[in-house]
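The values are calculated or read from the model by the stated rules, or taken from the named source; none is laboratory data. Owing to the predicted nature of the structure, the values given are computational and were not obtained by experimental measurement. Note that we place each Cβ from the backbone using ideal geometry, even for glycine, and neighbour counts take in every protein chain shown.
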Amino acid sequence: MKKKTIAIFFAVLLITSISGFAAARASEYFSCTAVYATALDDGEVLIEYDIDPTHRMLECGARAVWVYEQQSNGDYEEVFEYLMEDYPDMIQYDSIIGDGQVTYPGTPGKKYYALVALYAKDQYGSEIISFYTNVVTARN
């Protein structure tokens, strides 16, 4: 009986560890991603993104970046959008990385964050996943 219990325990452990490993990669295109905002001097807000694709991509980077500014009532409103069609440097071609940045000319003392749509495309298809950055206060 003790051997059977131990065998069942290890079988369950093996199954859960295998399924956890299979779920570890949530995407066929993105292995690791990061987006973040940094307050620079003169009110500028730097929005950066890093993508580790799962394999070499035909296109990889940010498809869009939407910048949000806190209003006097405390709500945030979109104040600017960067699109890859207008800013082609947001995408790398035939690459195993996809990183880049945009700089928004904010107003010192105001708070900002961004929504970044990360994009990867290979010969079989493409995927877009979106993430919010941290909130930063623009400085002098």
Inset, instruction - Look through the stretch 88-106, keep the residues that are outside any strand (DSSP E or B) and touching a residue at least 40 places away in the same chain (Cβ under 8 Å), and return whichever of them is surrounded by the most Cβ atoms within 10 Å (Cβ to Cβ). - result: Gly106
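Residue-wise test of (1) without any contact (Cβ under 8 Å) to a residue 40 or more places away in the chain; (2) under 14 Å from Ala120 (Cβ atoms); (3) not charged (D, E, K, R).
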site	(1), (2), (3)
Gly43	no, no, yes
Asp52	no, yes, no
Leu58	no, yes, yes
Tyr82	yes, no, yes
Legend entry - Failed condition for Ala120, given (1) in a strand (DSSP E or B); (2) farther than 21 Å from Ala34 by Cβ; (3) in contact with a Pro (Cβ under 6 Å, 6 or more places away or on another chain): (2)
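Yes/no per residue for (1) under 18 Å from the mean Cα position of the chain (by Cα); (2) modelled with pLDDT of 95 or more; (3) of a type outside the set (D, E, K, R); (4) not in a loop (DSSP other than H, G, I, E, B):
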residue	(1), (2), (3), (4)
Asp42	no, yes, no, yes
Asp52	yes, yes, no, yes
Cys60	yes, yes, yes, yes
Glu69	no, yes, no, yes
Gly74	no, yes, yes, no
Asp86	no, yes, no, no
Pro108	no, yes, yes, no
Val116	yes, yes, yes, yes
Inset, instruction - May I ask you to verify whether Ile97 is among the β-branched types (Val, Ile, Thr) and at pLDDT below 95? - result: yes
